[in-house]
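Single-structure report; data block below.
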Amino acid sequence: MIDAAVTQNDVSTLAQRAEPMSAPDVLRLALEQFGRNVALSSSFGAEDMVLIDMLLAIDPKARIFTLDTGRLPQETYNLIDATRQKYQATIEVVFPQADAVQAMVAEHGMNLFYRSVENRKVCCGVRKMEPLRRAVSGLDAWITGLRREQAEADPDRDVGLAPDERRDRDERRGDEQADDDAAENLAPGDPAD
């Protein structure tokens, strides 16, 4: 839904405005600029819980979504429900396409991601990337709990990427270094949400 008139320069200008702001002020700016066409993508980790608290204090009707990969620990489901209750919030849960998961499991097995980097990429593509594409389609912007120092790209250059460029960058990064690192560090028995 990005307006064709929005340029990389517009996004960079907005990022420069946001640079000196506090986190709540950046969230206010995002809501002011994008209204209902911005959403928080949450994995319900520590950083995301802080963002949820700040965002819902500003706008109790703010959009929040999460990806349910089908491999989340029970504690995550408990936290999603507790968050819904505490804030009386609507949390959109986006699932992978069942047919794609069934086909992947039939071809590669349940725990394919333990066997190779390539299998990890297949799994992440089906369980994370495709649902994320659906979740952000129609948005002008989205918010994540990823801290700048956690980004693989140069943090100074990364500020202000347009949503499509960021999504493309994240997908490339997911298909390259991030998945390689994750697959190399997983041991049998580790969760692979």
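The values are calculated or read from the model by the stated rules, or taken from the named source; none is laboratory data. In this text the structure is predicted, and so the values were computed from the model without any measurement. Note that each Cβ is placed from the backbone with ideal geometry, even for glycine, and that neighbours are counted across all protein chains shown. For the accessible areas, the whole protein counts, side chains as well, though only heavy atoms, and no ligand, DNA or RNA atoms are used. Shrake-Rupley method; radii C 1.70, N 1.55, O 1.52, S 1.80 Å.
See the values below:
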item: Of the criteria (1) of a type in the set (Phe, Trp, Tyr); (2) closer than 30 Å to VAL105 by Cα; (3) over 17 Å from the mean Cα position of the chain (by Cα), which one PHE44 fails; result: (3)
item: PRO24 vs. criteria at pLDDT 90 or above and open to solvent by 60 Å² or more (accessible area, probe 1.4 Å); result: no
item: Checklist (1) within 28 Å of VAL122 (Cβ to Cβ); (2) out of contact with any Cys (no Cβ under 8 Å at 6 or more places or on another chain); (3) without any contact (Cβ under 8 Å) to a residue 24 or more places away in the chain; (4) of a type outside the set (D, E, K, R) applied to MET104, failing item; result: (2)
